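K.L.:
A single structure is presented below for examination.
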Amino acid sequence: MLPIYHILLPTPYPVGPVNIYLILSEPYTLIDAGPDTDEARAVLEKALAERDLSLSDLKRVVLTHAHSDHSGLADWLHRVSGARIFLHPFELAKLIRPQNFFDDRLAFLAETGCPLTAIQEMLAARDRLPHPRVSEDCAVTLRGGEELSFEEGVLQVFHLPGHAQGHLCLYDREGGHFFAGDFLLPHITPNPVAEFDPGQPGKRIKVLSFYLQGLERINGLEITTVWPGHGEAFSDHRRLIAAYRAHHESRLRYILELLRTRGELTVYQLTRLAFPDLKGFAIFLGLSEIQAHVDLLQDRGLVAARKQDKVLYYRAWD
Ligand SMILES: [Zn+2]
Ligand SMILES: [Zn+2]
């Protein structure tokens, strides 16, 4: 069984602090890196010192996904420790190129019918931290199915897309420990963040179907403790998975009902009806949430779409 050291790092984001986990067995491996802030760096160094460790003891850093609360310090950690960065190629692609979050998503925002004023509001509230970067030569890619060996055990790598297309989780079968990143969270349902096929720019990935399939896989595992990216560790993952499924099915019914009663609507209009109070960057997350559900309704043959002047309009099949 692998010894786990939990470290809580502050983040400047509404989600609150992020959990990272150090596996205290050779080769010492950190699961997630935390945000690129001086505060997070200081807390991490202090936490290591409390165990008579220093950054140079780190040999591997595994990133569950590229969101900046999880990946921001990865490049710095590599530079100060020499640790290699392990991650899914889809997430690596996000970290090796300079990214302007909204440039990549303008076509999507146009399709949702999002007005310019709301786009400006999101831009004004965008992340002030630099876009996290990782250099390709320090990266080791994992696609799921691999095993990371330690002196005292093994972590199995699971590729579980839906919150991020290259999201990885790690499973210590012997100890029943599951490192969930943002795939399973105790108090919030992970956002199915809109993502696009890198091979076909502008083509949306069916993130919610992937996510629900992933839940199915995890439901079958024997897990005693889930170590999430945010919030407290918990047991009974099957109860949480059942609650997630019920949440998504109820949201699907709600959206279908809106389309049945109000007629044709854009994703932006649906988002405003479902979440009237969203502000700033949360508007983007709201649009992602609704778009993911509308895509699934369309896959199930319950909703039809038509495109006019770059905007997608959805209606319920009679
Ligand atoms: Zn995330
Ligand atoms: Zn997160």
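The values are calculated or read from the model by the stated rules, or taken from the named source; none is laboratory data. Fair warning: this is a prediction, and the values are worked out from it, not measured in the lab. When we count neighbours, we look across all protein chains shown, and the Cβ atoms used for this are built from the backbone with ideal geometry, even at glycine. Quick note on the areas: whole protein, heavy atoms, side chains included, nothing else; ligands and nucleic acids left out. Shrake-Rupley method; radii C 1.70, N 1.55, O 1.52, S 1.80 Å.
K.L.:
Taking the range 171-239, which GluC sites (Glu not before Pro) meet the DSSP loop condition and have no more than 15 other C-beta atoms within 10 Å? Let's see the in-between values first.
P.N.:
On the way: sites: GLU174, GLU195, GLU216, GLU222, GLU232; in loops: GLU174, GLU195, GLU222, GLU232.
Listed in order of number, the matching sites are GLU174, GLU222, GLU232.
K.L.:
Over the chain, calculate the relative contact order: mean separation of alpha carbon pairs under 8 Å at least 6 apart, over the residue count, as a percent.
P.N.:
Numbers: 609 pairs, mean separation 49.1, N = 318.
This gives 15 percent for the chain.
K.L.:
Still on this structure, I have one more. List the residues whose amide H sits under 5 Å from the amide H of LEU160, counting only those 5 or more places along or on another chain, with H placed 1.01 Å from N in the peptide plane.
P.N.:
The list, which skips near neighbours in sequence, is HIS167, LEU168, CYS169.
K.L.:
Additional query: Using a 7 Å offset from Cα along Cα-Cβ at GLU152, what residues in the range 22-38 end up with backbone N under 20 Å from the label point?
P.N.:
22-32
K.L.:
Residues of the chain: accessible area per residue at 1.4 Å, in Å²? Before the final figure, lay out the partial values.
P.N.:
Working: 14080 Å² over 318 residues.
So the chain comes to 44 Å² accessible per residue, rounded to a whole number.
K.L.:
Here is a further query. What are the semi-axes of the equivalent ellipsoid of the range 193-318, taken as the square roots of 5 times the eigenvalues of the Cα gyration tensor, listed largest first and rounded to whole Å? Walk me through the intermediate numbers first.
P.N.:
Numbers: eigenvalues 165, 53, 50 Å².
Calculated on Cα positions only, the semi-axes equal 29, 16, 16 Å.
K.L.:
Any idea what diffusion coefficient the range 57-205 gets from Stokes-Einstein, in µm²/s, Kirkwood Rh on alpha carbon pairs, 10 °C, 1.306 mPa s? Working shown, then result.
P.N.:
On the way: Rh = 16.8 Å.
Stokes-Einstein gives a translational diffusion coefficient of 94 µm²/s.
K.L.:
Please give the length that would be gained between ILE96 and LEU53 if that part of the chain were fully extended, namely 0.36 nm times their separation in residues minus their C-alpha to C-alpha distance (nm, one decimal).
P.N.:
Numbers: separation 43, 0.36 × 43 = 15.48 nm, distance 2.95 nm.
Stretched fully, the ILE96-LEU53 segment lengthens by 12.5 nm.
K.L.:
Figure the gain on full extension for THR225 and ARG128 (residue separation times 0.36 nm, minus the Cα-Cα span) and round it to one decimal in nm.
P.N.:
Working: separation 97, 0.36 × 97 = 34.92 nm, distance 3.42 nm.
Between THR225 and ARG128, full extension yields an extra 31.5 nm.
K.L.:
Considering only THR11, LEU95, ALA33, whose Cα is most displaced toward the positive end of the charge dipole of the range 3-101, charges sitting on Cβ of Lys, Arg (+1) and Asp, Glu (-1)?
P.N.:
Checked the options; the winner is LEU95.
K.L.:
Turning to a different aspect of this structure: Where the Cα atoms of the range 1-67 are projected onto their three principal axes, how long is each span, largest first, in whole Å?
P.N.:
In descending order, the Cα extents are 34, 23, 18 Å.
K.L.:
Placing one identical point scatterer on every Cα of the range 65-112 and ignoring solvent, what is log10 I(q)/I(0) from the Debye formula at q = 0.15, 0.19, 0.22 Å⁻¹?
P.N.:
Results for the range 65-112 at q = 0.15, 0.19, 0.22 Å⁻¹ read -0.50, -0.70, -0.85.
K.L.:
Using helices alone, what [θ] at 222 nm do you get for the chain, with -39,500 (n - 2.57) per DSSP H run of 4 or more residues, divided over all residues and rounded to the nearest 500? Don't skip to the end; give the middle numbers.
P.N.:
Working: 10 runs with 114 residues, N = 318.
Helix-only estimate at 222 nm: -11000 deg cm²/dmol.
K.L.:
Which FRET efficiency, nearest 0.05, do GLU39 and ALA304 yield, Cβ-Cβ r, R0 41 Å? Before the final figure, lay out each step's value.
P.N.:
Numbers: r = 49 Å, r/R0 = 1.20.
E between GLU39 and ALA304, to the nearest 0.05, is 0.25.
K.L.:
May I pose another question? Out of all Cα-Cα pairs in the chain, roughly what percent, to the nearest whole number, are more than 36 Å apart? Kindly include the intermediate steps, with their values, before the conclusion.
P.N.:
Working: 9756 of 50403 pairs.
Across the chain, Cα pairs with separations above 36 Å total 19 percent.
K.L.:
Still on this structure, please answer the following. Only four residue types carry charge here, +1 at the Cβ of Lys and Arg and -1 at the Cβ of Asp and Glu. Report the dipole size of the chain about the Cα centre in Debye, rounded to the nearest 20. Working shown, then result.
P.N.:
Working: 33 positive and 41 negative charges, 253 e Å.
Taking the Cα centre of the chain as origin, the dipole is about 1220 debye.
K.L.:
How high is the relative contact order of the range 143-284, given as a whole-number percent (alpha carbon pairs under 8 Å, six or more residues apart)?
P.N.:
Details: 191 pairs, mean separation 24.8, N = 142.
RCO, the range 143-284: 17 percent.
K.L.:
A further question on this structure: Where the accessible area of the range 208-318 is counted over protein heavy atoms with a 1.4 Å probe, how much of it, in %, is carbon and sulfur?
P.N.:
Details: 2840 of 5530 Å².
Taking all protein chains in place, the range 208-318 shows 51 percent carbon and sulfur surface.
K.L.:
Using +1 at the Cβ of each Lys and Arg and -1 at the Cβ of each Asp and Glu in the range 87-174, identify which of LEU129, ALA164, VAL140 lies farthest towards the dipole's positive end.
P.N.:
Going by the charge dipole, the pick is LEU129.
K.L.:
Hey, another quick one. Full extension from ARG238 to PHE196: what is 0.36 nm times the residue separation minus their Cα-Cα distance, to one decimal in nm? Before the final figure, lay out the partial values.
P.N.:
On the way: separation 42, 0.36 × 42 = 15.12 nm, distance 2.97 nm.
So the chain would gain 12.1 nm between ARG238 and PHE196.
K.L.:
At 7 Å along Cα-to-Cβ for each site, give me the label-to-label distance between TYR5 and ARG253 in nm.
P.N.:
4.8
K.L.:
Right, another one. What number, in percent, do you get for the relative contact order of the range 148-199 if the mean sequence gap of Cα pairs under 8 Å and at least 6 apart is divided by its residue count?
P.N.:
28
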